[in-house]
C-alpha cells in the first residue's frame, strides 16, 4: 500500500526540480528513489529506448551489481521489454513462476533476493519510449491504487524527459532521448574517474557528485563534465 | 555499449592511467579481446580493483 501522506510532497518536489536547475539524469534518479519509497518496493529502474529501439538503463534507485544486472538483462528479456513492446503495465509478476518465460532474467532476479517484479510503460501520445521497472523482496502484490501511482510516476518521468525543449517532431524526440542517454554515459564515466582518483566506491563517488551539484545549484551533467575535463574543483566535490 | 559498469570502468582507468576516455575504453576492449572474456567482466574486475591494466596509453 502506497504511503499516501507523502504523495503530495513528492510530486511537488519532483515538479519543483523540473523548473529549477533542471538536470534530466538527476531528476530521473529522484523518480526511481521516490518510486521505491512511495510504492514500498526494494528497487526501481528506468529504462529508455535508444535510437535503435534497444532498452538502456537511464536511472536506478540502487547501484548494487546484482540489481544493475537485472536491468541490463532486459535488453533481451523481461517485464520491461514486454511492457515497452506492448505499451501495457505488466505487474505482480511472480518471479519464481517466470523461469520459463524469462530464464536468465527470472533466475538472476530470484538470486538477487526478489520475489515480485512490475513494469509500467513510459508513454508519449501513441508511442512508448521506455519503462519503469520495480522489484520487491516481499510477496505483497501491488494494489490497483499502487499500479495507478506507478503509472503516474512513469508519466512524470516522461514529462521530465521531454521538458528541456518542447517536442514537436519525431526527430527532435529521438535527439532528446539520445542526449539524455549521452548524459547518463557521461555521469557513469565521471563516477569512475572520481573513484579511480580516490579509491572510493563508485556509489560513494555518485553521492558526492550529487551533493556537490545540489549545494552549488549545478546540474549533475555539468558537474560530470567538469570532473572529466578537470574544470571542477575536485577537493570541493570530495569534501561533500 | 549500454552497460553502466563499462562506462564507470572507462572513467576509472582514465583517471588511474592519465589517458583519455577513448584510450581507456580501448584498454578495456583490448584486454577483453586478448583474454577472450566479455568486456563487462573486465569492467567489473577493474571496478572491484581485482585487475590492473597496463600503464600509459599502450594497448597491448
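No lab work stands behind these numbers, since they all come straight from the coordinates. Keep in mind the model is a prediction, meaning the values are calculated, not measured. Heads up, the Cβs are rebuilt from the backbone with ideal geometry, glycines too, and the neighbour counts pull from every protein chain shown.
Helix A:24-39 against the longest principal axis of chain A: what's the angle in degrees, Cα atoms only, rounded to the nearest 10?
40
Grab the Cα-Cα distance for residue A:88 and residue A:22, subtract it from 0.36 nm times how many residues apart they are, and report the gain in nm with one decimal.
Working: separation 66, 0.36 × 66 = 23.76 nm, distance 2.89 nm.
So the chain would gain 20.9 nm between residue A:88 and residue A:22.
Just to be sure I understand the curve: with the Debye formula and one point per C-alpha of the stretch B:4-47, what is log10 I(q)/I(0) at q = 0.20 Å⁻¹?
At q = 0.20 Å⁻¹ the computed log10 ratios are -0.49.
Taking 0.36 nm per intervening residue step and subtracting the Cα-Cα distance, what contour gain separates residue A:200 from residue A:101 on full extension?
Values: separation 99, 0.36 × 99 = 35.64 nm, distance 3.90 nm.
This chain segment gains 31.7 nm when fully extended.
Using only alpha carbons, build the gyration tensor for the stretch A:77-201 and give me the equivalent ellipsoid semi-axes, biggest first, whole Å.
27, 23, 13
If you take each beta carbon of peptide A:182-190 and count the beta carbons of other chains within 10 angstrom, what is the mean? Let's see the in-between values first.
Numbers: counts 0, 0, 3, 8, 3, 4, 9, 12, 5.
Taking all residues of A:182-190 together, the mean is 5.
Apply the Kirkwood formula to the protein assembly as shown: the hydrodynamic radius equals the inverse of the mean of 1/r over all pairs of different alpha-carbon atoms; give it in Å with one decimal. Write down the numbers at each step before the final one.
On the way: mean 1/r = 0.0507 Å⁻¹.
Computed over Cα pairs of the protein assembly as shown, the Kirkwood hydrodynamic radius comes out at 19.7 Å.
Could you tell me the distance between the Cα centroids of the stretch A:63-104 and the stretch A:123-146, to the nearest Å?
11
At 7 Å along Cα-to-Cβ for each site, give me the label-to-label distance between residue A:7 and residue B:26 in nm.
It is 5.5 nm.
Counting other beta carbons within 10 Å of each Cβ, put A:239, A:225, A:83, B:20 in order, fewest first. Walk me through the intermediate numbers first.
Working: A:239 10, A:225 17, A:83 27, B:20 13.
Least to most surrounded, the residues fall as A:239, B:20, A:225, A:83.
What angle do you read, to the nearest 10 degrees and between 0 and 90, between the alpha-carbon axis of helix A:144-162 and the longest principal axis of chain A?
40
Once both labels are modelled 7 Å past Cα along the beta-carbon direction, what's the residue A:64-residue A:182 spacing in nm?
According to this spin-label approximation, the distance is 3.5 nm.
Using a Förster radius of 25 Å, what is the FRET efficiency between residue A:240 and residue A:152 based on their Cβ-Cβ separation? Nearest 0.05, please.
Numbers: r = 32 Å, r/R0 = 1.27.
Using R0 = 25 Å, I get an efficiency of 0.20.
Treating the angle as unsigned and between 0 and 90°, give the value, to the nearest 10°, between the Cα long axis of helix A:202-215 and the longest Cα principal axis of chain A.
Long axis of A:202-215 versus the principal axis of chain A: about 60 degrees.
What does the average come to when, for each residue of peptide A:143-153, you count the partner chain Cβ atoms lying within 10 Å of its Cβ?
On the way: counts 0, 0, 0, 0, 0, 0, 0, 0, 0, 0, 0.
Counting Cβ atoms of other protein chains within 10 Å of each residue's Cβ and averaging gives 0.
From the square roots a ≥ b ≥ c of the eigenvalues of the alpha-carbon gyration tensor of the stretch A:4-164, which class results: rounded (a/c under 1.5), prolate (a/b over b/c), or oblate? The partial results should precede the final answer.
Working: a/c = 1.69, a/b = 1.34, b/c = 1.25.
Because a/c hits 1.5 or more and a/b exceeds b/c, the stretch A:4-164 counts as prolate.
Give me A:38, A:238, A:124, A:134 sorted ascending by neighbouring Cβ count inside 10 Å, so fewest comes first. Intermediate results must be reported in sequence, preceding the final value.
On the way: A:38 21, A:238 14, A:124 17, A:134 27.
Ranked by crowding around the Cβ, least crowded first: A:238, A:124, A:38, A:134.
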